[in-house]
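Below is one structure, written out as structure tokens, with a few remarks after it.
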Amino acid sequence: MHEDAARFLSQPVKAQPGSPLRVAVYSRIAGAIRNSLLTPGSMLPTETELGADMKVSRTVVREALMLLEEDGLIRARRGVGRFVADTLPRIGIERIRPFEEVLGGPGQHVEIKRIQVVRQPASEFAAPGVGVEPGADVWLWESVLIRDGEPVAHLQENVSAQPVRLGKAAPAPLEIDDDGGTTLLAALNSRFGRVLGPGECQISLSQVGPSRAKLLDLRAPDPVLVLTQYVRHANRPFYLAKCLIAARAGHLSVMQSLQS
């Protein structure tokens, strides 16, 4: 590992108020990747080494690494170690639907259980997805989606808390009332008449992990499908969501609805 990367990583991390420690570890490693201190294809230090450098437990490091892998910043080679991805995630090309529509169907009722709505500094993952610098304020809506009485998905949605221009209106702070009954994307579509897009949905597999397992009534090592949505507006990154879907959700159509 390059000396600058070692120096950058070997500093204690502290969690921001209201944000888990694993997010601070995630941001530290993601920052090294985004700033090319950790180069594409390079091998990461072990969980033990990272934990010792940042003065955190291996459990915290493991959760942060799992999130980095979900978000396409690193990849694991069984029996070898973890490596920086050869190419970083891109933001792309098609229009998408809110997750209550993706997970719902004829005769199926999807209920939104809101966990939190909070204004917080953007992580290294969220910042490029919503078009701001890391540390700038973003809104986070966190929800559990319950279908026919069973929790089937954990959803985190982000938009910038900076003034934005929607349609022909002058730039203004984004004010969205949370009635507790919809996802953020559905609320945005309802208020602004589906002016958002295009977007992209990326699909990967992961383990749910201990903190999210409790919300979905799963075990930490249980597999989940990870759907990451990027939505643009006026050709700029605007909205980002990551949804972990439990196996009990059953069959899903991966075709996203295209709108003119």
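Quick look at the values:
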quantity	calculated
Under 27 Å between alpha carbons - lysine pairs in the chain that sit 8 or more apart or on different chains	7
Listed peptides 206-219, 51-64 by packing density, highest first (mean Cβ within 10 Å)	51-64, 206-219
Sequence ranges 196-203, 10-17, ranked by mean other-Cβ count within 10 angstrom, highest first	196-203, 10-17
Rounded accessible area per residue of the range 16-90, 1.4 Å, Å²	50 Å²
Listed peptides 38-50, 105-117, 138-150 by packing density, highest first (mean Cβ within 10 Å)	138-150, 38-50, 105-117
Calculated [θ] (222 nm, deg cm²/dmol) that DSSP helices of n ≥ 4 give over the chain, each run adding -39,500 (n - 2.57)	-7000 deg cm²/dmol
Helix axis angle, 21-34 relative to the chain longest principal axis, alpha carbon, degrees	80 degrees
Most mobile listed residue (ARG34, ARG232, ARG78) in the chain, GNM with C-alpha springs under 10 Å	ARG78
Selection from GLN162, GLY41, GLN116 lying farthest towards where the dipole of the chain points positive, charges on Cβ	GLY41
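The values are calculated or read from the model by the stated rules, or taken from the named source; none is laboratory data. Just so it is clear, the model here is predicted, and its values are computed rather than measured. Quick reminder, even Gly has a Cβ in these numbers, built from the backbone with ideal geometry, and neighbours come from all protein chains shown. Please note that ligands, DNA and RNA were not included when accessible areas were found on the heavy atoms of the full protein model with its side chains. Shrake-Rupley method; radii C 1.70, N 1.55, O 1.52, S 1.80 Å.
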